[in-house]
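J.: After the structure tokens below, expect a handful of questions from me.
The values are calculated or read from the model by the stated rules, or taken from the named source; none is laboratory data. Keep in mind that this is a model prediction, so the values were computed, not measured. Each accessible area value is taken on the protein alone, full model and side chains, heavy atoms only, with ligands, DNA and RNA left out. Shrake-Rupley method; radii C 1.70, N 1.55, O 1.52, S 1.80 Å.
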Amino acid sequence: MRAKVTYFVTAAVLVVYFVLVGSRGVLLIENGSAVTITFGVAVLVLPVIGLWFLWKNTQFVRRANRLAAELDAEGGLPVDELKRTPGGRIDRDSADEVFARRRAETEEAPEDWRSWFRLAVAYHDARDVARARKAMQRAITLHATQATRATNNENGRARDARTP
């Protein structure tokens, strides 16, 4: 819950910042000289990029949370079995051991979104955030593909049932 609050507060602060920067860009454009118009347009581009980035991250987090909820309902969320240092940090050897198991699991079932989800968690625990994000994106893509196939199969069966 604390993470959600922090995320929303940070997002709200960023939106306020983007509005302030955008208003400065508009003021520069209203000044009317070639230089200030150029700077104004450049300043307006920054909030657009920032909002796009914020939107894409929000979508990613929402999709990952949906997968986590579904995996939790199935009883398949990875259990935190990591050893910790006295300061509370994850022990590197413990994280590497769990990561090796998760990687083997994913290699055995490369089309299973659940194994990719668990691999993403293992990457994150091993402090490899970039690969964790890629693995989670792969899990999201596989889940969406499987959901689409399931929907198409159900629609096909319903169509076959209606056809004499």
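J.: Determine the gain in length on full extension of the stretch residue 26-residue 46; use 0.36 nm per residue of separation and subtract their C-alpha separation, reporting nm with one decimal. If you can, show how the numbers build up before the last one.
T.: Working: separation 20, 0.36 × 20 = 7.20 nm, distance 1.26 nm.
In short, 5.9 nm is gained.
J.: What is the gain in length, in nm to one decimal, between residue 7 and residue 149 on full extension, counting 0.36 nm per residue of separation less the C-alpha to C-alpha distance?
T.: Numbers: separation 142, 0.36 × 142 = 51.12 nm, distance 3.31 nm.
Result: 47.8 nm gained on full extension.
J.: On the accessible surface of the chain, probed at 1.4 Å, how many percent belong to carbon and sulfur atoms? If you can, show how the numbers build up before the last one.
T.: Details: 7090 of 11550 Å².
Whole-percent figure for carbon plus sulfur exposure: 61.
J.: Can you give me the C-alpha center-to-center distance between region 1-74 and region 118-151, rounded to a whole angstrom?
T.: Measuring centre to centre over Cα atoms gives 24 Å.
J.: Counting every Cα pair in the chain, what percent are over 21 Å apart?
T.: Working: 8604 of 13366 pairs.
So the pairs more than 21 Å apart make up 64 percent of the total in the chain.
J.: Right, something else. In 5 Å bins starting at zero, report the fraction of Cα pairs in region 15-81 per bin as a rounded %.
T.: 4, 17, 15, 12, 10, 8, 7, 8, 6, 6, 4, 3, 1
J.: Express the accessible area of region 64-116 per residue in Å², computed with a 1.4 Å probe while the remaining protein chains stay in the model.
T.: On the way: 3500 Å² over 53 residues.
For region 64-116, the per-residue accessible area is 66 Å².
J.: Then there's this: Report, in degrees rounded to the nearest 10, the 0 to 90 angle that the Cα long axis of helix 2-31 makes with the longest principal axis of the chain.
T.: Approximately 30 degrees, to the nearest ten.
J.: Let me ask you something else. Any chance you could look up the accessible area of residue 6 with a 1.4 Å probe, heavy atoms only, rounded to 10 Å²?
T.: 80
J.: Related question: Which value, in Å³ per residue, describes the convex hull spanned by the Cα atoms of region 1-43?
T.: So the per-residue hull volume is 38 Å³.
J.: Let me have the 222 nm mean residue ellipticity of the chain computed from DSSP H runs of 4+ only, each contributing -39500 (n - 2.57), with the sum over all residues rounded to the nearest 500. If you can, show how the numbers build up before the last one.
T.: Working: 5 runs with 135 residues, N = 164.
That comes out to -29500 deg cm²/dmol.
J.: What Kirkwood hydrodynamic radius, in Å, does region 86-144 give when the mean of 1/r is taken over all pairs of distinct Cα atoms and then inverted? Mind showing how you got there, number by number?
T.: Working: mean 1/r = 0.0875 Å⁻¹.
For region 86-144, inverting the mean 1/r across all distinct Cα pairs yields 11.4 Å.
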